[in-house]
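The values are calculated or read from the model by the stated rules, or taken from the named source; none is laboratory data. The structure displayed is predicted, hence computed values, not measured ones. With ideal geometry, Cβ positions are generated from the backbone for all residues, glycine too; neighbour counts draw on all protein chains shown. We work out accessible area using only protein heavy atoms, side chains counted, and drop any ligands, DNA or RNA first. Shrake-Rupley method; radii C 1.70, N 1.55, O 1.52, S 1.80 Å.
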Amino acid sequence: MKTKQYIHTLFLFIFLFNVLNGCRGNNRHSKLSQTSHESFLSPKLLNSERIRLKFGSYHVKVLNQNNKLRISNLYSSHDGNNITRTLAIVKFTESIDSTFIKEHLKILSGQSIGAVFKKNQWKIEKKSLYFGEILPQTDFTETYKLMGYIEPSKLAIYIYGFNIIKDNNSHQYAIISEIYHPEYLTFNNLKKLNPDADKHLEKTRFIQLLKLAESKMKMNYNELQTGYDRVSHEKH
C-alpha cells in the first residue's frame with residue numbers, strides 16, 4: 001500500500017512540475033514576443049534595421065536613378081522570393097555639400113542611405129512632413145507585384161525630410177517618401193513610431209510629392225532594366 005501511495009505521489013509531483021514549467025515557458029515566450037514587438041517599433045531603428053529584424057534579411061535595389069531622384073526597393077528575401085517592404089522615392093537636395101560628397105557617391109552606387117551616414121558617424125534626423133495612406137488602385141499593379149502579388153490594399157506612406165548632423169552642422173540631404181508593405185508597417189504602426197504623427201496628417205502642402213510617389217508606383221521597373229543591387233546577407 002505504501003509503495004502505491006509513493007508511486008501516486010511521485011506521479012503527482014512530476015505532473016505538477018511539468019505544468020509549472022510549461023507556464024514559465026509560456027510566460028517566457030510571451031515576454032520575448034512582447035520584447036520583439038517593442039524592439040520592432042523602436043524609433044531608434046533605421047528602416048533597413050527594422051526590415052532585417054522583422055523578416056530576417058534586408059536587401060536594397062536601386063530601381064531608377066538620376067542626379068535628382070532615386071527610386072529604391074527595400075526588400076526581404078526568403079526561399080527565393082523577394083518581397084518589397086518599402087518603396088522609397090528620394091528627392092536629393094539641389095546642392096550636395098562637400099562635407100558629405102563621399103557618402104553621396106556611395107549612395108549613388110546603390111548603398112542604403114541611412115546605413116551609409118550612420119556608418120560614417122553622422123547623426124540622422126527625420127523631419128516629419130506627412131503621414132497617410134494611399135488607397136487601392138488598379139494602376140498600382142506593378143507595386144503590388146513587387147510586394148509579393150498582394151491584393152490591392154491600403155498602403156501607409158511617410159514623407160519626411162532626411163537631415164544629417166555632424167560637428168553641430170545640420171544639412172538636409174533629401175526629402176523621402178516611403179510606401180510600406182501592409183505586413184511591414186501600417187498607418188497605426190507609423191503613429192506608434194511617431195508620437196507627433198497627428199500633427200502631420202494634412203496633405204494639401206504635399207500634393208506634388210504624393211502625386212510623384214503615386215506615379216512611381218505605376219511604373220514597371222522590370223522593363224527599365226536599371227539599377228544596382230546591393231545585398232545584405234546579415235541575418236537577425
Listed pairs LYS102/LYS154; LYS54/LYS102; LYS123/LYS192 exceeding 29 Å between Cα atoms: LYS102/LYS154; LYS54/LYS102
Whole-number percent relative contact order across the stretch 77-236, with pairs defined as alpha carbons under 8 Å at least 6 apart: 28 percent
For the stretch 39-132, the Rg and Dmax computed from alpha carbons only, in angstrom: 13.9, 42
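So if the hydrodynamic radius of the stretch 106-233 is defined as the Kirkwood radius over C-alpha pairs, what does Stokes-Einstein give as its diffusion coefficient at 10 °C and 1.306 mPa s, in µm² per second?
Numbers: Rh = 16.3 Å.
Value of D from the Cα-based Kirkwood radius: 97 µm²/s.
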Simple spin-label estimate for LYS154 and LYS123 in nanometres, 7 Å along Cα-Cβ: 3.6 nm
In order through the stretch 48-53: 3J(HN,Hα) via Karplus (6.51 cos²θ - 1.76 cosθ + 1.60), integer Hz, x for Gly, Pro: 4, 5, 5, 4, 5, 5
Vicinal HN-Hα couplings computed from phi for the stretch 181-197 (Karplus, 6.51 cos²θ - 1.76 cosθ + 1.60; Hz; Gly/Pro x): 4, x, 7, 9, 9, 9, 4, 5, 4, 4, 5, 6, 6, 10, x, 9, 4
The stretch 40-109: relative contact order in percent, alpha carbon pairs under 8 Å with at least 6 residues between: 21 percent
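Can you list which of the chymotrypsin sites (Phe, Trp or Tyr not before Pro) found in the stretch 139-173 are DSSP loop residues with at most 13 other C-beta atoms within 10 Å? Walk me through the numbers before you get to the answer.
Working: sites: PHE140, TYR144, TYR149, TYR158, TYR160, PHE162, TYR173; in loops: TYR149.
Here the sparse-neighbourhood loop sites are TYR149.
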Calculated from backbone phi, Karplus (6.51, -1.76, 1.60) coupling profile of the stretch 58-68 in Hz, x at Gly/Pro: 9, 9, 9, 10, 7, 7, 7, 7, 9, 6, 10
Heavy-atom accessible area order for ASP196, ASP167, ASP139, largest first, 1.4 Å probe: ASP167, ASP139, ASP196
Other-chain or far-sequence residues with amide H under 5 Å of SER153's (modelled H): GLN137
Filtered trypsin sites (Lys or Arg not before Pro), the stretch 45-84: DSSP coil and at most 16 other beta carbons within 10 Å: LYS68
The stretch 148-211: trypsin sites (Lys or Arg not before Pro) in DSSP loop, at most 13 other beta carbons within 10 Å: LYS154
Relative contact order of the stretch 102-157, pairs being alpha-carbon contacts under 8 Å that are 6 or more residues apart, as %: 29 percent
